[in-house]
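The values are calculated or read from the model by the stated rules, or taken from the named source; none is laboratory data. Because the structure is a prediction, the values reported are computed rather than measured. Heads up, the Cβs are rebuilt from the backbone with ideal geometry, glycines too, and the neighbour counts pull from every protein chain shown.
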């Protein structure tokens, strides 16, 4: 397998995992439906490993009801 295919596969997996995480993130924090088109949603997709710490902390603190903003 060539180096480009490996890097491409890693990038695709990273983006898909980020998209799933960002969707859960938006649902948990009760973002409006149109927020899926906002730059904030895409910034969560790109930075999801950094966002995961705070998200898991809020999940453990507030449970499945979501964090009040």
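The rows are residues; the columns are (1) within 13 Å of the chain's Cα centre (by Cα); (2) in a helix (DSSP H, G or I); (3) modelled with pLDDT under 95.
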| residue | (1), (2), (3) |
| --- | --- |
| 11 | no, yes, no |
| 14 | yes, yes, no |
| 25 | yes, yes, yes |
| 30 | no, no, yes |
| 34 | no, yes, yes |
| 51 | yes, yes, yes |
| 59 | no, yes, yes |
| 67 | no, no, yes |
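The residue pairs whose first member lies in the range 30-58 and is over 15 Å from residue 20 (Cα atoms), whose second member is modelled with pLDDT under 90 and surrounded by 14 or more Cβ atoms within 10 Å (Cβ to Cβ), and whose beta carbons are closer than 6 Å, counting only pairs six or more residues apart or on different chains, are 58/67.
Cβ-Cβ contacts under 7 Å between residues 6 or more apart (or on different chains), taken from a first residue in the range 9-21 that is more than 22 Å from residue 59 (Cα to Cα) to a second residue that is assigned to a helix (DSSP H, G or I), are listed as 15/45.
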